[in-house]
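*Asks:* This is the structure I have questions about; it appears just below.
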C-alpha cells in the first residue's frame, strides 16, 4: 500500500481507531472453540448463507492454476482449504507453489523461465507496483472489481491500485499493533497490562525482577524489527509524519526518527531485557520468538512478544490457549495516540485467464475469507465476513476493531517502500535495524545508513 488517497487520514480519525482497538482488547478474554466446517455451497457460487452474499463462479472443468505465496505451516494449510473449495465449486485444479522471500525475486526467476504462477500473493504494495512496472501484473476484471466494491472499504481497494487501476485483492490483513504475553508469568510477577510506553517499561522491570526475561524478539527476520519501529514512530511522531516518512518526503535523518530509535533503545539496549541478548535475538526467527514465550510453563524464555494477530497460529503450535495462557494488549501509547498499524497480502494476477480472474473474484468474496477465518490465525479486511466466523473472542475483537476503523488505518511503512529498502533480507531497513538491535547506542549511524539506503531505493 503505497502512497494513495487512503494514506491521507486525520489525527482525530487515528485517535478514534486507536480508541476502538484499545477498548476492544483491554479486557481479559477467553478463547472459544472453532468450527472447521467451511460450507459446501454449490458449484455455481454457493449458498451465501454464512455471509449474506453469494459469489458466482464459472465452470472451469479441466483448467489448472498455480498460486504462489510465502506462507508455510498452518497458514499455508488453511489457505489450501480455501483453494479446495474453489476447486469444488468450479472444477478447476489449483496448485499451491511455495515461494521464497522476497517473493518479487522468486517471481522474477519464474517469469524469466517462462513459468510464472497464475496468481501471486504479494505482501508489499511496493511489490505490486514493481510487478506492474515490469508488466508482470494484469488488471482485475469486472467481476473481481464488483466483488471488491461490495465487500471492501475504499481504503482497502485503493491500496491495491497502481495508477488508479485495480491490480490487487487484499485477501489477508494483519493488525500489527499488539503485544502478546504469558499470563502465568504476569500473574506470578504481579504485572499488569500497560497502556503507555512508560508503563510498559515498568511492567518489563516487574517481570525481570520476578526472574523472567521480559521480551522475545525475532530479530533473525528484519520485518519484525521494522514493525517495532513503525508502532513507536506512528505513536510518537504522529500520522502526518508517518505518511511523509513512508513516502520519503522527509529524510531518515529527521529528528523524529532519532526520537523513535532512542525510544526503541530503551528496550533493545537494556541489559537482559531481550531473550538471548542481541546475539540470541538475531538468531531467532519469528515463529520461535512466539513459541518460546509460551513454552516452559511459568519459566519461559520470555514473558512478552510483540507482533500481529497472526501470532495466534504460533501460540497454538506452542499448545497454549489464546485468551487463557496467552493474552494480548494494544501496543502502548508512546506519544499522543496509540498506534494502529496494519499489513496484508494481495492476490495479483500474473497470467490473465478466465480461471485466474475467477480465482481473484473468489478471494475477494466473503465466502472465501469465512473459510479461513474459522480456522484461526487469520484476519480479513472484507467487511462482509460475519464477525462470528472467527474462532475466539480475542480474534473477534481484533477483527471488529479493524473493520470498525473503516478507511482510517496506517499500512505497514516498510511494505509501502521499494522492495530493495523495505522488503529484502540483509538489505535496507531490515539490515539497518538488525545492526541497530546489535548496537542500540549508534543512533546517528543507523539514521545515516537508513537514509543512504532509502535515497538509493526511492531514487531521490
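*Asks:* Looking only at segment 337-365, which residues are more than 19 Å from the chain's Cα centre (by Cα) and outside any loop (DSSP other than H, G, I, E, B)?
*Replies:* 349, 354, 355, 356, 357, 358, 359, 360, 361, 362
*Asks:* Also, quick follow-up: Specify which of the listed residues (245, 264, 234) is in a helix (DSSP H, G or I), assigned by TED's automatic domain parsing to the domain that holds residue 444 and in contact with a strand residue (DSSP E or B) (Cβ under 7 Å, 6 or more places away or on another chain).
*Replies:* The match here is 234.
*Asks:* Based on this model, can you work out whether residue 397 counts as crowded, with 18+ Cβ neighbours inside 10 Å, farther than 20 Å from residue 224 by Cα, assigned by TED's automatic domain parsing to the domain that holds residue 134 and in contact with a helix residue (DSSP H, G or I) (Cβ under 8 Å, 6 or more places away or on another chain)?
*Replies:* yes
*Asks:* Of all residues in segment 106-129, which are in contact (Cβ under 8 Å) with a residue 40 or more places away in the chain, over 20 Å from the mean Cα position of the chain (by Cα) and in a helix (DSSP H, G or I)?
*Replies:* Those that are in contact (Cβ under 8 Å) with a residue 40 or more places away in the chain, over 20 Å from the mean Cα position of the chain (by Cα) and in a helix (DSSP H, G or I): 107, 110, 111.
*Asks:* Mind listing whichever residues of segment 295-328 are outside any helix (DSSP H, G or I), under 21 Å from the mean Cα position of the chain (by Cα) and touching a residue at least 40 places away in the same chain (Cβ under 8 Å)?
*Replies:* Within segment 295-328, 304, 305, 306, 307, 308, 309, 310, 322, 323, 326, 327, 328 qualify.
Residue by residue, here is whether (1) touching a strand residue (DSSP E or B) at 6+ places or on another chain (Cβ under 8 Å); (2) farther than 22 Å from residue 263 by Cα holds:
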position	(1), (2)
154	no, yes
159	yes, yes
162	no, yes
171	yes, yes
175	yes, no
184	no, yes
201	no, no
204	yes, no
210	no, yes
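*Asks:* Let me ask something additional. So, in segment 147-159, exactly how many residues are crowded, with 24+ Cβ neighbours inside 10 Å and at pLDDT below 95?
*Replies:* Residues flagged as crowded, with 24+ Cβ neighbours inside 10 Å and at pLDDT below 95 within segment 147-159 amount to 2.
*Asks:* Could you tell me how many of the residues in segment 248-261 are in a loop (DSSP other than H, G, I, E, B) and in contact with a helix residue (DSSP H, G or I) (Cβ under 6 Å, 6 or more places away or on another chain)?
*Replies:* Of the residues in segment 248-261, 5 are in a loop (DSSP other than H, G, I, E, B) and in contact with a helix residue (DSSP H, G or I) (Cβ under 6 Å, 6 or more places away or on another chain).
The values are calculated or read from the model by the stated rules, or taken from the named source; none is laboratory data. Owing to the predicted nature of the structure, the values given are computational and were not obtained by experimental measurement. In this analysis, Cβ positions are derived from the backbone assuming ideal geometry, glycine residues included, and neighbour counts consider all displayed protein chains.
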